[in-house]
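Peer 1: This is the structure, below, for whatever I ask next.
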Amino acid sequence: MREAALEAIAAASDLEELKQVRLDHAGDRSPLALANREIGALPPQARKDAGARLGKARGMVNKALGERTVVLEAEHEERMLVEETVDVTLPTDRAVKGARHPITMMSERIADVFVSMGWEVAEGPQVEAEWLNFDALNMGADHPARTMQDTFWLEPAEAALVLRTHTSPVQARTMLTRKPPIYVVCPGRVYRTDEIDATHSPVFHQVEGLVIDEGISMAHLKGSLDHFATAMFGEGITTRFRPSYFPFTEPSAEVDLVCFVCRGAGEEDGHTCRTCRGEGWIEWGGCGVVNPRVLIACGVDPETYTGFAFGMGIDRTLMFRHGVEDLRDVFEGDIRFAQPFGIEI
Ligand code: PHE
C-alpha cells in the first residue's frame, strides 16, 4: 500500500494530479485509512504492531505528499513566469491614431492669444437669423452690401434664416446679451456661395473680435491686430490697414499682413516673391470702429461707449503660417494633410 502510494505521488506531474493522488492514497477511503479502521479487530499484540507499521506508512505518505507539493508548486510558478512573459521587442500592428483637424487647433490657438489678454470666447449658431446676420449690422433689406456676401438661404423664405455669411452676427448677439465693457473673440465656421478653387470655398472660417468700452479708438484696434499677428507669425510681422467699407464699421479697413518671406518688398533675390505673389502683403481680413448705428440697434449707448471689431480668415492664417498653397487641401479631409499637424501646430 505504502509503495503504491509513494509511486503515485512521484508520478503526479502537476498539482491537479497530485490532488487526486492525495484523495486516493491518503483520503478517508484510501486503503491506508481503511486498514487503520480494521486494526481495532486484531488481538492486542498484533494491533500494536500493525498500528505502529501503519502509522509509519501514513507518516511517510504524508511527508512525500508535502514534498511533492512543494516541488510541483515551484514548477508551476516557473512555468507561469515563462508563459506570461511579454516580449517588448515584438513588432506590433500600429493603429493609426486620429488627429484633431488643423483648423480646430488653429482656432483654439487664436482664441488663446486673446484669452491670455483677458478676453472671453463668444459663440453663435451657424444657422443664423437674417436680422442678426444683416439688419442688426446696418445692412437693411436693400443695402447693396448684402450682395457682397452671396448667401445660402434656408427654406422656407419666411423663416428668414441663413447660413451665416460671417462671424459678425456674434457681435450683435454679444452686445444684446452682455453689458460693456465687452472684450470677446469668436472663432467659427461661415458660408458663402463661392465656387471652390485654391483660395475659395463655400465653407470657411473666420475669427471675429469685438471690443466695446469707454474711449476705444482705431489705435487700440491696430495694436490688438499687431499683437495677434506677432503671436501667430513671430516678431516683425505687422499689419497694414487699407481704407475699405463695411456697413457695420466706420471707418473701415482691410487688414494685410506683411509677407513673412519678403517683408513687404515683393521680391526675394531679384525674383518675384512666391508667397505673396509680389504684393509684399497678404490679405487677412476686415476691421473698423463699430458704427454707432450698430451700437444703437444692439442696445449700447454710443454717447458713452465706442468700440472696434475685426474679422480675420482662420484658413488664411493657417495657410500663411504653414505654407499651405491650396485651400482645398484644408477641407478635403485627407488625413495625410492633417497628420503632420497632429502633435502640435
Ligand atoms: N464681417 C466682415 C467680412 O466677413 C469682416 C469684418 C468684421 C469687417 C468686423 C469689419 C469688422 O468680410
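The values are calculated or read from the model by the stated rules, or taken from the named source; none is laboratory data. Keep in mind that this is a model prediction, so the values were computed, not measured. With ideal geometry, Cβ positions are generated from the backbone for all residues, glycine too; neighbour counts draw on all protein chains shown. Surface areas here come from the heavy atoms of the whole protein model, side chains and all, with no ligands, DNA or RNA. Shrake-Rupley method; radii C 1.70, N 1.55, O 1.52, S 1.80 Å.
Peer 1: Looking only at the stretch 17-33, filter to residues that are closer than 19 Å to Ala50 by Cα and touching a residue at least 12 places away in the same chain (Cβ under 8 Å); which one of those is surrounded by the most Cβ atoms within 10 Å (Cβ to Cβ)?
Peer 2: Checked the stretch 17-33; the qualifying residue surrounded by the most Cβ atoms within 10 Å (Cβ to Cβ) is His25.
Peer 1: Consider Glu325 carefully, then state whether it is more than 14 Å from the ligand (Cβ to nearest atom), free of Cβ contacts under 8 Å to residues at least 12 places away in the same chain and open to solvent by 50 Å² or more (accessible area, probe 1.4 Å).
Peer 2: Judged against the criteria, Glu325 is not a match.
Peer 1: Starting from the stretch 190-207, keep only residues that are more than 18 Å from Phe134 (Cβ to Cβ), then list their pairs with residues that are open to solvent by 60 Å² or more (accessible area, probe 1.4 Å) and assigned to a strand (DSSP E or B) whose Cβ atoms are within a distance under 8 Å, requiring at least 6 positions of separation or different chains.
Peer 2: So the pair list comes out as Val203/Arg189; Phe204/Arg189; His205/Arg189.
Peer 1: Here's something else I'd like to know. Is there a residue in the stretch 82-105 that is out of contact with any strand residue (DSSP E or B) (no Cβ under 8 Å at 6 or more places or on another chain), assigned to a helix (DSSP H, G or I) and open to solvent by 70 Å² or more (accessible area, probe 1.4 Å)?
Peer 2: Yes, because at least one residue in the stretch 82-105 is out of contact with any strand residue (DSSP E or B) (no Cβ under 8 Å at 6 or more places or on another chain), assigned to a helix (DSSP H, G or I) and open to solvent by 70 Å² or more (accessible area, probe 1.4 Å).
Peer 1: Same structure again: In the set Gly307, Gly311, Gly285, which member is within 16 Å of the ligand (Cβ to nearest atom), more than 18 Å from Arg109 (Cα to Cα) and either assigned to a strand (DSSP E or B) or in contact with a Phe, Trp or Tyr (Cβ under 7 Å, 6 or more places away or on another chain) (or both)?
Peer 2: The match here is Gly307.
Peer 1: Taking the conditions exactly as written (near the ligand (Cβ under 10 Å from one of its atoms), buried (at least 18 other Cβ atoms within 10 Å of the Cβ) and either closer than 24 Å to Gln171 by Cα or modelled with pLDDT under 95 (or both)), does Ser244 satisfy them or not?
Peer 2: No, not satisfied.
Peer 1: Can you name the residue in the stretch 119-145 that is surrounded by fewer than 18 Cβ atoms within 10 Å (Cβ to Cβ) and either under 14 Å from Leu210 (Cβ atoms) or within 14 Å of the ligand (Cβ to nearest atom) (or both) and, of all such residues, is modelled with the lowest pLDDT?
Peer 2: In this case the residue turns out to be Ala145.
Peer 1: With the structure loaded, tell me whether Val162 is part of a helix (DSSP H, G or I) and at pLDDT 95 or above or whether it fails that test.
Peer 2: no
Peer 1: Shifting gears a bit: Filter the stretch 250-292 down to residues that are among the polar types (S, T, N, Q) and over 23 Å from Asp315 (Cα atoms) and give me whichever is most open to solvent (accessible area, probe 1.4 Å).
Peer 2: Residue satisfying both the conditions and the ranking: Thr272.
Peer 1: Just to be sure I understand the filter: pairs with C-beta atoms under 6 Å, separated by 6 or more residues or on different chains, first member in the stretch 157-173 and at negative phi and within 10 Å of the ligand (Cβ to nearest atom), second member open to solvent by less than 40 Å² (accessible area, probe 1.4 Å) and modelled with pLDDT under 95. Which pairs pass?
Peer 2: Thr165/Gln149; Thr165/Thr151
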